[in-house]
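> Sharing a structure here in structure tokens format.
Where a number appears in this text, it was derived from the coordinates with a stated rule and is not lab data. Note that the structure is predicted; figures quoted are calculated from it, not measured. Using ideal geometry, Cβ is built from the backbone for each residue, glycine included, and neighbour counts are taken over all protein chains shown.
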Amino acid sequence: MTPEEEALLRTDREFNVATQARGGEGWASYFAPTGVMLRASGHIIGTDAIRAAMTPVFATPGFSLTWEPTRAELSAGGRLGYTTGRYLRRTPQASGGVAEARGTYMNFWEKQPDGSWKVVADAGDPDEAPRPS
């Protein structure tokens, strides 16, 4: 793995830490201005829309989303890259239980003019339908 790929993995890990600490604001802060969350229910485009959609989700008592990147790869030019890994989402249920969903995610990143990396597209694929724990 190249030092730049290691840096991208580190950035993805920092993304997870920021999200745990600051919820929807931490999540949105890692997206490019025109970044997109690819969802079956409809895409969410732009940091303002992402923040508005995700802040209440992360503020829900008992909700959590954590992930661990396992791979990073860069384009030949070094301006684009992706990370992939595993995630765990816990969502509280009206019945009092918690539904867990595990899966694989892929984030596409673009190097910004200041040298930082920002997510331009986020996608996840659950292993199976969420199940109560």
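> Would you compute, from DSSP H runs of 4+ residues alone, the mean residue ellipticity of the chain at 222 nm, taking -39500 (n - 2.57) per run and dividing by the full residue count, rounded to the nearest 500?
One gets -10000 deg cm²/dmol as the mean residue ellipticity at 222 nm.
> Right, another one. Could you list which residues have their amide H under 5 Å from that of residue 32, counting only those 5 or more apart in sequence or on another chain, with H placed in the peptide plane?
Counting only residues 5 or more places away or on other chains, the set is 119, 120.
> Sticking with this structure for a sec: Hey, with R₀ at 25 Å, roughly what FRET efficiency would residue 88 and residue 7 work out to, going by the Cβ-Cβ distance, to 0.05?
0.55
> Farthest toward the dipole's positive end in segment 3-128, which of 34, 3, 92, given Cβ charges of +1 (Lys, Arg) and -1 (Asp, Glu) about the Cα centre?
Checked the options; the winner is 92.
> So, one more: Just to confirm the number: angle between the C-alpha axis of helix 3-28 and the first principal axis of the chain, 0 to 90 degrees, nearest 10?
With rounding to tens, the tilt is 40 degrees.
> I'd like the per residue volume of the convex hull spanned by the Cα atoms of segment 3-128, given in cubic angstrom.
107 Å³
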